[in-house]
1. Which of (1) at pLDDT 95 or above; (2) crowded, with 17+ Cβ neighbours inside 10 Å; (3) away from chain A (no Cβ under 14 Å) does B:Gly40 not meet, given it meets every other one?
2. For the stretch B:6-15, how many residues meet the condition of being in contact with an Asp or Glu (Cβ under 9 Å, 6 or more places away or on another chain) and farther than 13 Å from B:Lys120 by Cβ?
3. Within the stretch A:71-80, restricting attention to residues that are in contact (Cβ under 8 Å) with a residue 40 or more places away in the chain and in a helix (DSSP H, G or I), which residue is nearest to the other protein chains (Cβ to nearest Cβ)?
4. Of all residues in the stretch B:17-42, which are more than 20 Å from B:Tyr87 (Cβ to Cβ) and either small (Gly, Ala, Ser) or outside any helix (DSSP H, G or I) (or both)?
5. Filter the stretch B:8-37 for residues that are more than 14 Å from chain A (Cβ to nearest Cβ) and at positive phi and give the result.
6. For the stretch A:99-120, how many residues are assigned to a loop (DSSP other than H, G, I, E, B) and surrounded by fewer than 17 Cβ atoms within 10 Å (Cβ to Cβ)?
7. Inspect the stretch A:43-56 for any residue being more than 13 Å from chain B (Cβ to nearest Cβ), part of a helix (DSSP H, G or I) and free of Cβ contacts under 8 Å to residues at least 60 places away in the same chain and give the result as yes or no.
8. Against the condition more than 14 Å from chain B (Cβ to nearest Cβ) and without any contact (Cβ under 8 Å) to a residue 60 or more places away in the chain, how does A:Val113 come out, does it pass?
There are 2 protein chains.
Amino acid sequence: MSNGFTLWFTGLSGAGKTTVSRLVEKELRARGFKVEVLDGDVVRENLSKGLGFSKEDRDTNIRRIGFVCELLTRNDVVAIAAAISPYRAVRDENRARVGGRFVEVYCRAPIEVLAERDVKGLYKKALAGEIKNFTGVDDPYEPPLNPEVVIESDKETPEQSAAKVMAKLRELKYIAARKTRKRARMQKARNAE
Amino acid sequence: MSNGFTLWFTGLSGAGKTTVSRLVEKELRARGFKVEVLDGDVVRENLSKGLGFSKEDRDTNIRRIGFVCELLTRNDVVAIAAAISPYRAVRDENRARVGGRFVEVYCRAPIEVLAERDVKGLYKKALAGEIKNFTGVDDPYEPPLNPEVVIESDKETPEQSAAKVMAKLRELKYIAARKTRKRARMQKARNAE
């Protein structure tokens, strides 16, 4: 059986998807896992150039990420997707496609907090009508009904959020209960073979 | 270092890309490799729906396959691409992207033979003008200048072609050398001395 799994971060822009996914990536690499992060920017550049932000184009984009997650997961790689992925049905389609080893991480944050924080200055533009189809402003976001993990960047530090993800992965037995140095060394050696 | 590499099959429609790549896949799996085949149909469905057959769209399609090959190759997987990939520059771009462990297999066959064989009935349609932008008929194909392997489906069986690919992989030390019967006999004789 594969050691791979898919970690799917979903949530509004600025809710912590990329930040937390990078911390989790680091933790998993330190444990000897092979990891690939497919974040929104990487994917728009490499798989989905030319697609826009209509429901149809967003769904196509998310399906493509799902296809790559499937390929990686069944080949012993941890695939981390970090994309807004606003529509529930397509996230669930990807969950089915990956075949079980799929962990949905819902990055929840009140839109007021995100608009206030506005790291990339996007909410201001969206609220002013300068950007159209902006999720949470004039485009829908459908929260997961049963996410494996919920993280809340307005109440937790990124480190605390990452720790919640790691705890869930231990609970699901996708990673070992305790990271022993010996095990990490062994896994690293296996990967290097 | 990764055990992965990319095997890139290029050539006209009907030249044996998919047939031979499936045989090579089987051989590699039998040797314990993790393998993914990205053939034209899989990719058009999962990564490139909506793209057409202009030079620009073809290049985009081939770049996407290259991106996935890169992800797989650096994670210990053998990525096998089997797509017409008519333009040299983008194939070479993918070679650079994958970073060295890239084996180009040129499936060469005279167009007369392919048009005569015409397994999918596509050449007939293209020659009658019913399909436009058909590579080799009214769209260009740029053969590789220095492919690692050349296979010729009008002169070899698929098994012979697959054997040529495997021989090259042994030569490149991407797979272990196999005991030949002669070598096995010699070894037996030595052991009996």
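1. Going through (1) at pLDDT 95 or above; (2) crowded, with 17+ Cβ neighbours inside 10 Å; (3) away from chain A (no Cβ under 14 Å) one by one, B:Gly40 breaks only (1).
2. Residues that pass the stated criteria total 5.
3. A:Leu72
4. Within the stretch B:17-42, B:Ala30, B:Arg31, B:Gly32, B:Phe33, B:Lys34, B:Val35, B:Glu36, B:Val37 meet the criteria.
5. B:Gly11, B:Gly14, B:Gly16
6. 6
7. Yes, that holds for at least one residue.
8. For A:Val113, the condition - more than 14 Å from chain B (Cβ to nearest Cβ) and without any contact (Cβ under 8 Å) to a residue 60 or more places away in the chain - is met.
The values are calculated or read from the model by the stated rules, or taken from the named source; none is laboratory data. This structure is a prediction, so every number in the text was calculated from the model and none was measured. Positions of Cβ are backbone-derived with ideal geometry, glycine not excepted, and every protein chain shown enters the neighbour counts.
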